[in-house]
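Enquirer: The structure under discussion is supplied below as structure tokens; questions concerning it will follow.
The values are calculated or read from the model by the stated rules, or taken from the named source; none is laboratory data. Just so it is clear, the structure is predicted and the values come from calculations on it, not from any experiment. FYI the Cβ positions are ideal-geometry reconstructions off the backbone, even for glycines, and counts take in every protein chain you see.
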């Protein structure tokens, strides 16, 4: 999984208004690598065929990184999510005014658009009827959660317990099944799940912090993420 410094977006926005920074350039590239999927699904739901959506996503990220589009970031909003969506809307409008076919493929592609999750599972192509903006927001939320979960992957029994981490309810029957598989009591599984949930909460906040300009925006972004997941 692509990882990046805790202060990635802060670094990018700060550098955008001053001298070019190699670290900020790398941080932006890493953010793009980590969060390309929501944008690809947004473009796909704007009505572009799959191949065109892939090409456009690649071209957008190439320009975003190579041409320092981050200099246009709205410091008052301070969210990579908002900047990314606004930038791609502008990009698609611009592309609609020009002959796209002759322009694609000229730059080095910084993002590998493989249709898989971080742990190798293939992404299903979206089938719902939500608006492109809603699709983007939900996929963004899912991506943040997936990254936060993967940060816990070295915890003991992660693969067995991850199923319980984002489920706030109790599941004593399932705890018993997993306990039998792991040679643990139901109570021990419950304690391990509680510990992992606590770590997940910390990891989720840390993941969100990487995509906002200041810590003061983390709680608001967390609320937005939960709302996007609900619908």
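Table: residues versus (1) modelled with pLDDT of 85 or more; (2) assigned to a helix (DSSP H, G or I).
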site	(1), (2)
11	no, yes
14	no, yes
23	no, yes
27	no, yes
37	yes, yes
46	yes, no
61	yes, yes
65	no, yes
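Enquirer: Any chance you could count how many residues in region 173-183 are over 19 Å from residue 153 (Cβ atoms) and surrounded by 17 or more Cβ atoms within 10 Å (Cβ to Cβ)?
Expert: Residues flagged as over 19 Å from residue 153 (Cβ atoms) and surrounded by 17 or more Cβ atoms within 10 Å (Cβ to Cβ) within region 173-183 amount to 2.
Enquirer: Further question: Taking residue 92 as meeting all but one of (1) surrounded by 16 or more Cβ atoms within 10 Å (Cβ to Cβ); (2) modelled with pLDDT under 80, write down the number of the exception.
Expert: Every listed condition holds for residue 92 apart from (2).
Here is a yes/no grid of residues against (1) closer than 30 Å to residue 29 by Cβ; (2) surrounded by fewer than 13 Cβ atoms within 10 Å (Cβ to Cβ); (3) under 27 Å from the mean Cα position of the chain (by Cα); (4) touching a residue at least 40 places away in the same chain (Cβ under 8 Å):
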residue: 158; (1), (2), (3), (4): yes, no, yes, no
residue: 163; (1), (2), (3), (4): no, yes, yes, no
residue: 167; (1), (2), (3), (4): no, yes, yes, no
residue: 171; (1), (2), (3), (4): no, no, no, no
residue: 188; (1), (2), (3), (4): no, no, no, no
residue: 192; (1), (2), (3), (4): no, no, yes, no
residue: 198; (1), (2), (3), (4): no, yes, yes, no
residue: 207; (1), (2), (3), (4): yes, no, yes, yes
residue: 211; (1), (2), (3), (4): yes, no, yes, yes
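Enquirer: Right, next: Just wondering, is there one or more residues in region 99-121 that are modelled with pLDDT of 80 or more, in contact with a strand residue (DSSP E or B) (Cβ under 8 Å, 6 or more places away or on another chain) and within 28 Å of residue 223 (Cα to Cα)?
Expert: no
Enquirer: Among 189, 218, which is the only one that is modelled with pLDDT under 95, part of a helix (DSSP H, G or I) and farther than 30 Å from residue 12 by Cβ?
Expert: Matching residue, one of 189, 218: 189.
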